[in-house]
Structures are given as structure tokens and as C-alpha cells.
Amino acid sequence: MLSREKALEMVRDKIKEDSLFKHSLATEAVMRSLAQRLDQDVETWALTGLLHDLDYTLTQDDYSRHGLESAKMLQDELPPEAVRAIQAHASELNQARGPSTTLDYALRCAETVTGLVMAAALVRPEKLSGMKAKSLKKKMKDKAFAASVNRAIIAEHEKLGLDQSEFLSLSIQAMEEIAPDLGLGQS
């Protein structure tokens with residue numbers, strides 16, 4: 001399996017958009033926390049999160065290939081279950097096998113929740129600092145807030161045996177730990 005340094009180099013090489021780079025880092029952080037909480041392979045899960053959108057720039061004009069191109073690039077770099085999770089995270093777009101494993105569901109809900117957490121942080125003076133799951137739940141109910149964030153995919157946290165409050169709290173905390181890297185440190 002490749003090192004985090006090599007993975008980060010791949011992400012920097014393939015992903016030029018700052019917001020997508022930050023999304024990759026945020027997804028890595030949430031996946032790392034989920035793996036710790038669920039007693040899974042922390043490094044595999046974290047790398048899966050970091051690399052899941054490796055092909056985004058390449059496939060942005062044809063989303064039916066999103067996840068599939070990343071899987072090709074990573075088939076010799078990550079364990080097969082990680083490659084399958086990367087394919088499955090975009091199964092609605094690429095017609096790949098849908099999610100079925102804990103890792104599949106973790107990646108889908110982790111990468112989706114990052115958009116909600118980031119949007120909520122951007123409208124708070126203290127950014128991520130002190131954010132609570134309760135306030136994020138309210139934001140989730142407002143369909144106009146971060147409208148492109150798929151709440152149904154976030155709800156897949158139930159497949160992980162986590163309730164909404166625990167999943168949101170874990171996600172917020174994971175992202176808060178890397179807030180400066182996300183541009184979400186306090187003003």
C-alpha cells in the first residue's frame with residue numbers, strides 16, 4: 001500500500017482546484033476518525049478518503065467515469081476493498097456496484113458530510129471551533145442550506161451503526177483538528 005506522502009503527492013498532481021483539495025483532506029480526516037471509532041484499518045480508510053476523488057478533474061465532463069478512473073489509477077496502490085469503495089462512492093453516476101460494505105458506506109457518508117460541515121463553518125464567525133451536532137442537524141433540515149449536499153447519503157451513517165448525533169460530532173471534530181488546512185481556522 002502506498003504511503004500517505006505518495007498519496008498526497010498524487011492528489012496534488014491530479015487535483016488543481018483548492019476546494020477539491022480541501023474536500024479530499026476533510027474526507028481523509030473523517031474517514032480516519034470513523035476507522036478509529038469502528039475499529040477498522042485506520043491507514044487504509046484514511047487513504048481511501050484522501051484519494052476518492054483523484055479522477056474528479058479528469059472526469060468532470062463525463063461523470064459516468066467518476067470513481068472508475070480513480071479505481072484504475074489505484075488498483076495496484078490500495079487494497080481491493082478500498083478500490084471498490086472508491087468505485088461505489090459514485091455508483092449513482094458511474095453505474096458501478098452500489099455500496100455494500102462498511103467501508104463503502106463510510107466513504108459515501110463521510111465525503112458527503114464534509115460539504116455540509118464546510119458550508120456551516122463558512123457562515124460562522126468562529127468557523128469550526130465550537131460547532132455542535134445540534135446546530136448541524138438544524139442546517140440539515142433546511143433544504144435550501146447547502147442544497148447540493150445529499151442528505152440521504154449522509155443518513156447512510158446508520159449502516160455504520162452510528163446515530164446522527166454521533167456521526168455529525170465525529171465529523172465536526174475530525175475536521176476541526178485540521179481546520180487550518182481547510183482554511184476554516186478562526187478569523
Ile15 of a type in the set (Val, Ile, Thr), in contact with a Gly (Cβ under 6 Å, 6 or more places away or on another chain) and farther than 22 Å from Asp163 by Cα: no
Residue list for segment 5-25, filter: loosely packed, with under 13 Cβ neighbours inside 10 Å and of a type in the set (Lys, Arg): Lys6, Arg12, Lys16
Among (1) over 30 Å from Asp39 (Cα atoms); (2) under 18 Å from the mean Cα position of the chain (by Cα) - the single one Phe145 does not satisfy: (2)
Members of segment 28-46 that are closer than 13 Å to Ala82 by Cα and either of a type in the set (Val, Ile, Thr) or in contact with a Lys or Arg (Cβ under 7 Å, 6 or more places away or on another chain) (or both): Val42, Thr44, Trp45, Ala46
Near pairs, Cβ below 7 angstrom, 6+ apart or cross-chain, from segment 156-170 (in contact (Cβ under 8 Å) with a residue 60 or more places away in the chain) to any residue that is surrounded by 19 or more Cβ atoms within 10 Å (Cβ to Cβ) and of a type in the set (S, T, N, Q): Leu170/Ser33
Output for segment 67-79, where each listed residue is part of a loop (DSSP other than H, G, I, E, B), surrounded by fewer than 22 Cβ atoms within 10 Å (Cβ to Cβ) and either in contact with a Ser or Thr (Cβ under 8 Å, 6 or more places away or on another chain) or of a type in the set (Asp, Glu) (or both): Asp76, Glu77, Pro79
Cross-chain or 6+ apart pairs with Cβ under 7 Å, segment 61-72 first and without any contact (Cβ under 8 Å) to a residue 24 or more places away in the chain, then of a type in the set (Asp, Glu): Glu69/Asp55; Ser70/Asp55
Which listed residue, of Ala133, Ala120, Ala146, Ala174, is on the phi > 0 side of the Ramachandran plot, in contact (Cβ under 8 Å) with a residue 12 or more places away in the chain and surrounded by 15 or more Cβ atoms within 10 Å (Cβ to Cβ): Ala146
Qualifying residue in segment 80-87 (condition: surrounded by fewer than 19 Cβ atoms within 10 Å (Cβ to Cβ), out of contact with any Gly (no Cβ under 9 Å at 6 or more places or on another chain) and modelled with pLDDT of 95 or more): yes
Of all residues making up segment 26-54, the number that are within 16 Å of Asp104 (Cβ to Cβ), among the acidic types (Asp, Glu) and surrounded by fewer than 24 Cβ atoms within 10 Å (Cβ to Cβ): 1
Test: residue in segment 97-104 that is within 18 Å of Ile172 (Cα to Cα), at pLDDT 95 or above and charged (D, E, K, R): no
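The values are calculated or read from the model by the stated rules, or taken from the named source; none is laboratory data. As the structure is a prediction and not an experimental result, all values here were calculated from the model. Every residue, glycine among them, receives a Cβ derived from its backbone with ideal geometry; neighbour counts consider all protein chains shown.
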